[in-house]
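Enquirer: The structure that follows is given in the form of C-alpha coordinates.
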Amino acid sequence: MIKEIQLGRYSGNKESTLGLFYIDWAFFCHCLEDEFREIKIKGETRIPDGVFELGLRKEISPKTESYRSRYSWFKWHIQILNVPGFDYVYIHIGNDDDDTDGCLLLSDGANNNTIGTGYIPHSAPAFKRFYQKIYPLLEAGHKIQIRISDIEDLFIPSHQSDFIGPPSP
(Lines give C-alpha, C1' and ligand atoms only; values in the text may rest on other atoms or scores of the structure.)
Protein backbone atom coordinates (compact mmCIF):
# COMPACT_ATOMS: atom_id res chain seq x y z
CA MET A 1 0.00 0.00 0.00
CA ILE A 2 1.35 3.43 -0.93
CA LYS A 3 1.97 5.59 2.13
CA GLU A 4 3.87 8.61 0.91
CA ILE A 5 5.02 10.41 -2.20
CA GLN A 6 8.24 12.40 -2.10
CA LEU A 7 9.24 15.36 -4.27
CA GLY A 8 12.90 16.33 -4.11
CA ARG A 9 13.56 19.69 -5.76
CA TYR A 10 17.01 19.80 -7.36
CA SER A 11 17.23 22.78 -9.73
CA GLY A 12 15.56 26.15 -9.93
CA ASN A 13 15.77 29.32 -11.98
CA LYS A 14 13.72 32.52 -12.29
CA GLU A 15 10.95 30.66 -14.17
CA SER A 16 10.75 27.09 -12.87
CA THR A 17 11.81 24.42 -10.41
CA LEU A 18 12.69 20.87 -11.41
CA GLY A 19 12.27 17.91 -9.09
CA LEU A 20 12.40 14.15 -8.81
CA PHE A 21 9.13 12.46 -7.90
CA TYR A 22 9.19 9.27 -5.80
CA ILE A 23 6.45 6.92 -4.62
CA ASP A 24 7.39 5.27 -1.33
CA TRP A 25 11.05 6.18 -2.00
CA ALA A 26 11.16 4.56 -5.48
CA PHE A 27 11.84 6.95 -8.36
CA PHE A 28 8.70 7.47 -10.43
CA CYS A 29 9.18 10.47 -12.75
CA HIS A 30 10.34 14.07 -13.12
CA CYS A 31 8.41 17.12 -11.96
CA LEU A 32 8.24 20.82 -12.83
CA GLU A 33 6.80 23.63 -10.71
CA ASP A 34 6.83 27.39 -10.72
CA GLU A 35 9.85 29.14 -9.25
CA PHE A 36 10.63 29.89 -5.61
CA ARG A 37 9.62 33.35 -4.37
CA GLU A 38 9.91 34.86 -0.91
CA ILE A 39 6.59 36.64 -1.48
CA LYS A 40 3.88 34.70 -3.32
CA ILE A 41 2.68 35.94 -6.70
CA LYS A 42 -0.52 34.15 -7.70
CA GLY A 43 0.15 31.66 -10.49
CA GLU A 44 3.91 32.28 -10.42
CA THR A 45 5.10 30.73 -7.17
CA ARG A 46 5.78 27.12 -6.20
CA ILE A 47 4.17 25.74 -3.07
CA PRO A 48 6.20 25.73 0.15
CA ASP A 49 8.11 22.77 1.53
CA GLY A 50 6.10 20.53 3.78
CA VAL A 51 4.10 17.36 4.20
CA PHE A 52 0.58 17.53 2.79
CA GLU A 53 -2.30 15.14 2.27
CA LEU A 54 -3.59 14.28 -1.19
CA GLY A 55 -7.29 14.33 -2.00
CA LEU A 56 -9.75 14.38 -4.88
CA ARG A 57 -11.47 17.54 -6.02
CA LYS A 58 -14.92 16.27 -6.92
CA GLU A 59 -16.18 19.43 -8.56
CA ILE A 60 -16.69 20.21 -12.23
CA SER A 61 -14.34 22.93 -13.41
CA PRO A 62 -13.24 23.91 -16.93
CA LYS A 63 -10.03 21.91 -16.36
CA THR A 64 -12.04 18.86 -15.25
CA GLU A 65 -14.20 19.09 -18.38
CA SER A 66 -11.12 19.49 -20.57
CA TYR A 67 -9.39 16.44 -19.07
CA ARG A 68 -12.55 14.34 -19.30
CA SER A 69 -12.95 15.20 -22.99
CA ARG A 70 -9.31 14.22 -23.73
CA TYR A 71 -8.78 11.23 -21.43
CA SER A 72 -11.41 8.51 -21.08
CA TRP A 73 -9.81 7.27 -17.83
CA PHE A 74 -9.93 10.67 -16.06
CA LYS A 75 -12.61 11.31 -13.39
CA TRP A 76 -11.55 13.94 -10.82
CA HIS A 77 -8.42 15.97 -10.14
CA ILE A 78 -5.91 14.81 -7.58
CA GLN A 79 -5.00 17.78 -5.44
CA ILE A 80 -2.60 18.66 -2.65
CA LEU A 81 -4.66 19.75 0.34
CA ASN A 82 -4.18 22.48 2.94
CA VAL A 83 -1.22 24.25 1.35
CA PRO A 84 -0.91 27.61 3.16
CA GLY A 85 -1.84 30.46 0.81
CA PHE A 86 -2.77 28.17 -2.11
CA ASP A 87 -6.05 26.74 -3.43
CA TYR A 88 -6.64 23.88 -5.88
CA VAL A 89 -3.05 22.67 -6.16
CA TYR A 90 -3.36 19.87 -8.69
CA ILE A 91 -0.91 17.27 -9.92
CA HIS A 92 -1.41 17.31 -13.69
CA ILE A 93 -0.09 17.35 -17.26
CA GLY A 94 2.09 20.16 -18.64
CA ASN A 95 5.45 20.95 -20.17
CA ASP A 96 6.68 24.26 -18.74
CA ASP A 97 5.91 26.98 -16.21
CA ASP A 98 3.19 28.41 -18.49
CA ASP A 99 1.19 25.21 -17.83
CA THR A 100 1.13 25.60 -14.04
CA ASP A 101 -0.30 28.09 -11.56
CA GLY A 102 1.45 26.62 -8.53
CA CYS A 103 0.61 23.01 -9.43
CA LEU A 104 2.95 20.05 -9.96
CA LEU A 105 3.52 18.83 -13.53
CA LEU A 106 4.73 15.26 -14.06
CA SER A 107 6.95 14.00 -16.87
CA ASP A 108 9.18 11.22 -18.11
CA GLY A 109 12.09 13.59 -18.78
CA ALA A 110 13.51 17.04 -18.04
CA ASN A 111 15.90 19.51 -19.61
CA ASN A 112 18.65 21.39 -17.79
CA ASN A 113 16.99 24.55 -16.49
CA THR A 114 20.33 26.02 -15.44
CA ILE A 115 21.03 26.80 -19.12
CA GLY A 116 17.50 27.61 -20.28
CA THR A 117 13.89 27.66 -19.26
CA GLY A 118 12.56 24.55 -17.56
CA TYR A 119 10.88 22.09 -19.91
CA ILE A 120 9.57 18.58 -19.31
CA PRO A 121 8.53 16.37 -22.24
CA HIS A 122 6.31 13.27 -22.19
CA SER A 123 4.02 14.57 -19.49
CA ALA A 124 0.80 12.76 -20.43
CA PRO A 125 2.23 9.21 -20.09
CA ALA A 126 3.80 10.01 -16.68
CA PHE A 127 0.58 11.58 -15.43
CA LYS A 128 -1.52 8.66 -16.64
CA ARG A 129 0.71 6.17 -14.79
CA PHE A 130 0.50 8.28 -11.64
CA TYR A 131 -3.25 8.78 -11.92
CA GLN A 132 -3.99 5.11 -12.49
CA LYS A 133 -1.85 4.19 -9.48
CA ILE A 134 -3.04 6.86 -7.01
CA TYR A 135 -6.64 7.70 -7.99
CA PRO A 136 -8.15 4.30 -7.03
CA LEU A 137 -6.47 4.45 -3.61
CA LEU A 138 -7.76 7.96 -2.89
CA GLU A 139 -11.23 7.01 -4.17
CA ALA A 140 -11.22 4.06 -1.74
CA GLY A 141 -10.42 6.38 1.18
CA HIS A 142 -6.73 5.62 1.67
CA LYS A 143 -4.59 8.40 3.12
CA ILE A 144 -1.58 9.38 1.03
CA GLN A 145 0.81 12.21 1.87
CA ILE A 146 3.30 14.09 -0.25
CA ARG A 147 6.59 15.26 1.29
CA ILE A 148 8.08 18.23 -0.60
CA SER A 149 11.55 19.67 -0.01
CA ASP A 150 14.90 20.29 -1.60
CA ILE A 151 16.45 16.97 -2.58
CA GLU A 152 19.26 17.20 -0.01
CA ASP A 153 16.71 17.68 2.78
CA LEU A 154 14.76 14.68 1.54
CA PHE A 155 17.70 12.25 1.69
CA ILE A 156 20.21 13.58 4.21
CA PRO A 157 19.03 13.08 7.80
CA SER A 158 21.15 15.85 9.33
CA HIS A 159 19.12 18.45 7.42
CA GLN A 160 15.72 17.36 8.61
CA SER A 161 14.60 16.65 12.15
CA ASP A 162 11.60 14.56 11.05
CA PHE A 163 13.60 12.59 8.48
CA ILE A 164 11.90 9.38 7.49
CA GLY A 165 14.13 8.37 4.59
CA PRO A 166 13.99 5.35 2.37
CA PRO A 167 13.48 2.03 4.11
CA SER A 168 16.57 -0.01 4.91
CA PRO A 169 17.24 -2.89 2.50
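The values are calculated or read from the model by the stated rules, or taken from the named source; none is laboratory data. Predicted model only: the values in this text are computed from it and were never measured. Every residue, glycine among them, receives a Cβ derived from its backbone with ideal geometry; neighbour counts consider all protein chains shown.
Enquirer: Restricting attention to the range 59-71, does a residue exist that is in contact with a Gly (Cβ under 9 Å, 6 or more places away or on another chain) and not in a strand (DSSP E or B)? Working first, answer last.
Expert: We begin by selecting, within the range 59-71, every residue in contact with a Gly (Cβ under 9 Å, 6 or more places away or on another chain); these are none.
No: the range 59-71 contains no residue that is in contact with a Gly (Cβ under 9 Å, 6 or more places away or on another chain) and not in a strand (DSSP E or B).
Enquirer: When residues of the range 38-83 are filtered for being exposed (fewer than 13 other Cβ atoms within 10 Å of the Cβ), under 29 Å from Ile156 (Cα atoms) and at pLDDT below 95, how many remain?
Expert: Selection size over the range 38-83: 2.
Enquirer: Please list, ordered by residue number, the strands (runs of 3 or more DSSP E) wholly in the range 1-46 having 2 or more residues that are under 11 Å from the mean Cα position of the chain (by Cα) and of a type in the set (A, V, I, L, M).
Expert: Values: elements: 4-12, 17-23, 26-33.
Those strands (runs of 3 or more DSSP E) span 4-12, 17-23.
Enquirer: Given the criteria in a loop (DSSP other than H, G, I, E, B) and either at pLDDT 95 or above or of a type in the set (Lys, Arg) (or both), does Gly109 qualify? Step through it out loud before you land on a result.
Expert: Working: in a loop (DSSP other than H, G, I, E, B): yes; either at pLDDT 95 or above or of a type in the set (Lys, Arg) (or both): yes.
Criteria met by Gly109.
Enquirer: Identify, by number, the condition in (1) of a type in the set (A, V, I, L, M, F, W, C); (2) in contact (Cβ under 8 Å) with a residue 24 or more places away in the chain; (3) under 23 Å from Gly141 (Cα atoms) that Ala26 doesn't meet.
Expert: (2)
Enquirer: Just a yes or no: is a residue in the range 61-81 within 15 Å of the chain's Cα centre (by Cα) and farther than 19 Å from Asp34 by Cβ?
Expert: As a first pass, look at the range 61-81 and keep what is within 15 Å of the chain's Cα centre (by Cα): 77-81.
Then keep just the ones that are farther than 19 Å from Asp34 by Cβ; that gives none.
No, the conditions are met nowhere in the range 61-81.
Conditions (1) in contact with a strand residue (DSSP E or B) (Cβ under 6 Å, 6 or more places away or on another chain); (2) closer than 14 Å to Tyr131 by Cβ; (3) polar (S, T, N, Q), marked per residue:
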| position | (1), (2), (3) |
| --- | --- |
| Leu18 | yes, no, no |
| Tyr22 | yes, no, no |
| Thr45 | no, no, yes |
| Arg57 | yes, yes, no |
| Arg68 | no, yes, no |
| Phe74 | no, yes, no |
| Gln79 | yes, yes, yes |
| His92 | no, yes, no |
| Asn95 | no, no, yes |
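Enquirer: So which residues in the range 16-37 are buried (at least 16 other Cβ atoms within 10 Å of the Cβ) and charged (D, E, K, R)?
Expert: The answer is Glu33, Asp34, Glu35.
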